[in-house]
Amino acid sequence: MSAEEDEELERLRRRRLLELQLQQRLAEEQRQAAIREEMERRKDAILRRILTSKARQRLPRPAFTEQLELQLIQIAQSGRVKLPITDQLLKRILIQLQSAQRRETRIRRI
């Protein structure tokens, strides 16, 4: 083989390797997306069991909701709350969470 043929063969190998790496990366991303979707479906199914429909409507959306949903699932699975969680009970839980986040530290000078 000549040097040109060796270089061409090496370029083809590198290109094929890059294609395989890209395929692996895409497959991994698809697998991760499928896992996230399955987790979301499971979480929604649990929330439908532990919250009344009116309480589910009260849930705020985006980032805070994710944390709240996970906390609700944890307290339901630990048996610390009667199921299903009603709208009134959810209001009390939200108020408790809100007050826990707003605790202020005051420093008094003597």
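Values for this structure:
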quantity: Residue, farthest from LYS54 (Cα to Cα), within segment 84-110, restricted to residues that are touching a helix residue (DSSP H, G or I) at 6+ places or on another chain (Cβ under 9 Å) and either at pLDDT below 85 or in a helix (DSSP H, G or I) (or both); calculated: LEU97
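Rundown of residues vs (1) surrounded by 10 or more Cβ atoms within 10 Å (Cβ to Cβ); (2) of a type outside the set (Val, Ile, Thr); (3) touching a residue at least 24 places away in the same chain (Cβ under 8 Å); (4) closer than 17 Å to GLU69 by Cβ, yes/no style:
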site: ALA3; (1), (2), (3), (4): no, yes, no, no
site: GLU10; (1), (2), (3), (4): yes, yes, no, no
site: LEU18; (1), (2), (3), (4): yes, yes, no, no
site: LEU26; (1), (2), (3), (4): yes, yes, no, no
site: GLN32; (1), (2), (3), (4): yes, yes, no, no
site: GLU38; (1), (2), (3), (4): yes, yes, no, yes
site: LYS43; (1), (2), (3), (4): yes, yes, yes, yes
site: THR52; (1), (2), (3), (4): yes, no, yes, yes
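The values are calculated or read from the model by the stated rules, or taken from the named source; none is laboratory data. Please read these numbers as outputs of a predicted model, since none were measured by experiment. Please note: Cβ atoms are built from the backbone with ideal geometry, for glycine as well, and neighbour counts cover all protein chains shown.
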